1. May I ask you to say which residue of Val154, Val161 is surrounded by fewer than 16 Cβ atoms within 10 Å (Cβ to Cβ), under 16 Å from the mean Cα position of the chain (by Cα) and among the β-branched types (Val, Ile, Thr)?
2. Residue pairs, Cβ under 6 Å, 6 or more apart or interchain, first in region 55-71 and closer than 16 Å to Gly33 by Cα, second modelled with pLDDT of 95 or more and small (Gly, Ala, Ser). List them.
3. Does region 164-182 hold any residues that are assigned to a helix (DSSP H, G or I) and crowded, with 17+ Cβ neighbours inside 10 Å, and which are they?
4. Restricting attention to region 154-163, does a residue exist that is outside any loop (DSSP other than H, G, I, E, B), closer than 27 Å to Val70 by Cα, charged (D, E, K, R) and in contact (Cβ under 8 Å) with a residue 24 or more places away in the chain?
5. Pairs needed: first member in region 2-16, part of a loop (DSSP other than H, G, I, E, B); second member anywhere, surrounded by 10 or more Cβ atoms within 10 Å (Cβ to Cβ) and modelled with pLDDT under 95; C-beta distance under 6 Å; at least 6 residues apart or different chains.
6. Got a sec? Which of Ala91, Ala22, Ala37, Ala97 is out of contact with any strand residue (DSSP E or B) (no Cβ under 7 Å at 6 or more places or on another chain), in a helix (DSSP H, G or I) and at pLDDT 95 or above?
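The values are calculated or read from the model by the stated rules, or taken from the named source; none is laboratory data. This one's a predicted model, so the numbers in the text were calculated from it and none came from an experiment. Note that we place each Cβ from the backbone using ideal geometry, even for glycine, and neighbour counts take in every protein chain shown.
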Amino acid sequence: MGNLHFYRPGQGHGLAHDPFKAILAPRPIGWIGSVSADGVRNLAPYSFFGAFCDTPPIIGFSSSGWKDSVRNVQARGVFTWNLASRAQAEAMNLSSAPFAPEVDEFERAGLVALPGKVVDAPFVEGAPAAFECRLTQLLQLTDADGHALEQWLVLGEVVGVHIDRRWLVDGVYDTAAAGPILRAGGLDRYAQITPEAMFEMARPTGV
């Protein structure tokens with residue numbers, strides 16, 4: 001096993017940069033829209049994001065620290081997820097800046113906020129797709145020894161879906177055509193899904 005680099009995370013990785021996020025990559029971006037208890041709109045991207053259930057559809061994002069998005073979702077019980085595309089990559093990146101809670105990131109990033117149809121939270125105009133979500137669980141994560149971490153997992157049921165009709169082809173959503181971008185590890189690395197990156201593989205049956 002001489003070709004394997006092994007390390008215990010608690011003892012350091014011994015590399016130029018922590019490979020954890022680069023190995024688990026690329027990852028969809030949790031571009032989360034919310035509103036504070038005082039009515040201030042918020043928009044922020046989270047690199048720890050995923051889908052956790054399909055019936056009902058449940059998505060979630062994890063926040064390192066008790067940030068505005070988590071505080072807003074706790075206060076109002078709702079949020080939106082917006083698909084980050086190459087066309088809005090710079091705006092998404094700008095919305096990640098550490099703005100004060102009273103700052104509207106939609107405005108600072110030059111984006112138009114559209115009101116949700118089901119929940120009282122804004123979503124990004126021009127996003128290829130957006131989900132309106134109701135909070136199902138807000139959990140503080142722990143390590144394997146049960147110690148509480150400064151990390152919160154927010155899970156929400158998708159109760160409304162917006163899709164730009166340009167990306168629907170014969171009733172099928174065209175993942176690559178929408179130009180989604182993903183986090184790919186490191187401090188500044190991203191990936192884009194293109195038609196050339198797609199391939200098909202049927203699930204085995206009768207095994």
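1. Values: Val154 fails: surrounded by fewer than 16 Cβ atoms within 10 Å (Cβ to Cβ).
Sole residue among the options that is surrounded by fewer than 16 Cβ atoms within 10 Å (Cβ to Cβ), under 16 Å from the mean Cα position of the chain (by Cα) and among the β-branched types (Val, Ile, Thr): Val161.
2. Ile59/Ala51; Phe61/Gly30; Ser69/Ser34; Ser69/Ala44; Val70/Ser63
3. Taking region 164-182 first, the residues assigned to a helix (DSSP H, G or I) are 165-167.
Residue satisfying the conditions is Trp167 alone.
4. Of region 154-163, the ones outside any loop (DSSP other than H, G, I, E, B) are 154-163.
Right, trim to closer than 27 Å to Val70 by Cα and you get 154-163.
Checking which are charged (D, E, K, R) leaves us with 157.
Restricting the remaining residues to those that are in contact (Cβ under 8 Å) with a residue 24 or more places away in the chain gives 157.
Yes, there is a match, as at least one residue in region 154-163 is outside any loop (DSSP other than H, G, I, E, B), closer than 27 Å to Val70 by Cα, charged (D, E, K, R) and in contact (Cβ under 8 Å) with a residue 24 or more places away in the chain.
5. His13/Tyr7; Gly14/Tyr7
6. Working: Ala22 fails: at pLDDT 95 or above; Ala37 fails: in a helix (DSSP H, G or I); Ala97 fails: in a helix (DSSP H, G or I).
Ala91 is the lone residue from the list that is out of contact with any strand residue (DSSP E or B) (no Cβ under 7 Å at 6 or more places or on another chain), in a helix (DSSP H, G or I) and at pLDDT 95 or above.
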